[in-house]
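Read the figures in this text as sums done on the coordinates, not as results from a lab. Because the structure is predicted, anything quoted here is derived from the model rather than measured. A quick note on method: Cβ atoms are made from the backbone with ideal geometry, for glycine too, and the neighbour counts reach across all protein chains shown.
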Amino acid sequence: MARSCGAALAAVAFLLHRRLRQVGRRNLELAFPTLLAAEREAILRKEYRHLGWLLAEFCQMSTYTREYAGRFIRYEGLEHYMSARDRGQGVLVLTGHLGAWELSSFYHSLAGYPMGMVIRRLDNPLVDSLVNTIRCQHGNRVLHKDDFARGLIAAMRSGETVGILMDTNMTPPQGLFVPFFGIEACTASGLARVALKTGAAVLPGFLLWEASERKYVLRFGPELTLASTDNSEADAATNTALFTAEIEATIRQYPSQWLWMHRRWKTRPTGEPPLY
């Protein structure tokens, strides 16, 4: 019932928010230029429905128990996470606005593995406080983007786990230009820099809806092998490109579950015209 309501709200939002529809269509055109317009439109509509489901899940999350959530969520590759965690040098979970990203960290904490989350403060302090209360109900903690570097390094040195959404537009100098769907995208380099500084493990983690199972799957991939030379700037660029390629590969598998309405290619290299 809740999902049906969420999907209905999403359908209304699709009709009302013309600007977001335009951004989504432009992004899909950039990412999948060989698809027919009707195929890209179908992806966008499915994405809105998926966001409606995500809203419905978030509204109910505070009532979930491990047993109840286990009926529609399962792990895959948990051994990759456990191996990385047991090294004791911290774990950086590479993720993005793909699948049920809010539910992923919540379920992981519900299963007994609380983690930190790097997030942006919401504009409304009351809403921000409410949302973070739900996020942190089972031991998770929030690291705000406006002062995350020191907290992230400290977390890694304490052997903690932190998830980082690394698929949003950035600006230099915090962002480096790396390929994303074949187009240079300004991308946060902080994860790469912290990983090399601390020796933390980096592994991809996404909670994705598997229609064939009618379940979400929280999937952890193997730990990524990072470039580590005597040139820290080159390493940051190489590893940031590696992380971005991991996210892209997963989006290509589940295109209707990514946040296409975000202007991912807004920042352009010097001299390039805008894409929006």
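Scanning region 173-190 for residues that are over 19 Å from residue 28 (Cβ atoms) and touching a strand residue (DSSP E or B) at 6+ places or on another chain (Cβ under 7 Å) yields 174, 175, 176, 177, 178, 186, 187, 188, 189.
Here residue 130 passes the criteria (1) over 30 Å from residue 240 (Cα atoms); (2) among the aliphatic types (A, V, I, L, M); (3) buried (at least 21 other Cβ atoms within 10 Å of the Cβ) except the one numbered (3).
Given the criteria surrounded by 15 or more Cβ atoms within 10 Å (Cβ to Cβ) and not in a helix (DSSP H, G or I), does residue 122 qualify? Judged against the criteria, residue 122 is not a match.
Residue-level analysis places residue 275 among those that are closer than 17 Å to residue 29 by Cα and in contact with a helix residue (DSSP H, G or I) (Cβ under 7 Å, 6 or more places away or on another chain). Determine whether region 104-116 contains at least one residue that is farther than 29 Å from residue 223 by Cβ, hydrophobic (A, V, I, L, M, F, W, C) and surrounded by fewer than 17 Cβ atoms within 10 Å (Cβ to Cβ). Looking for residues that are farther than 29 Å from residue 223 by Cβ, hydrophobic (A, V, I, L, M, F, W, C) and surrounded by fewer than 17 Cβ atoms within 10 Å (Cβ to Cβ), one finds none in region 104-116, hence no.
Among the residues making up region 48-88, those that are under 18 Å from residue 254 (Cα atoms) and of a type in the set (D, E, K, R) are 49, 74, 76.
In region 196-225, the residues that are of a type in the set (S, T, N, Q) form Cβ pairs under 7 Å with partners that are not in a strand (DSSP E or B), at six or more places apart or across chains, as follows: 198/89; 198/90; 198/153; 198/156; 198/157. Right, residue 34: closer than 21 Å to residue 162 by Cα and either surrounded by fewer than 17 Cβ atoms within 10 Å (Cβ to Cβ) or among the polar types (S, T, N, Q) (or both) or not? For residue 34, the condition - closer than 21 Å to residue 162 by Cα and either surrounded by fewer than 17 Cβ atoms within 10 Å (Cβ to Cβ) or among the polar types (S, T, N, Q) (or both) - is not met.
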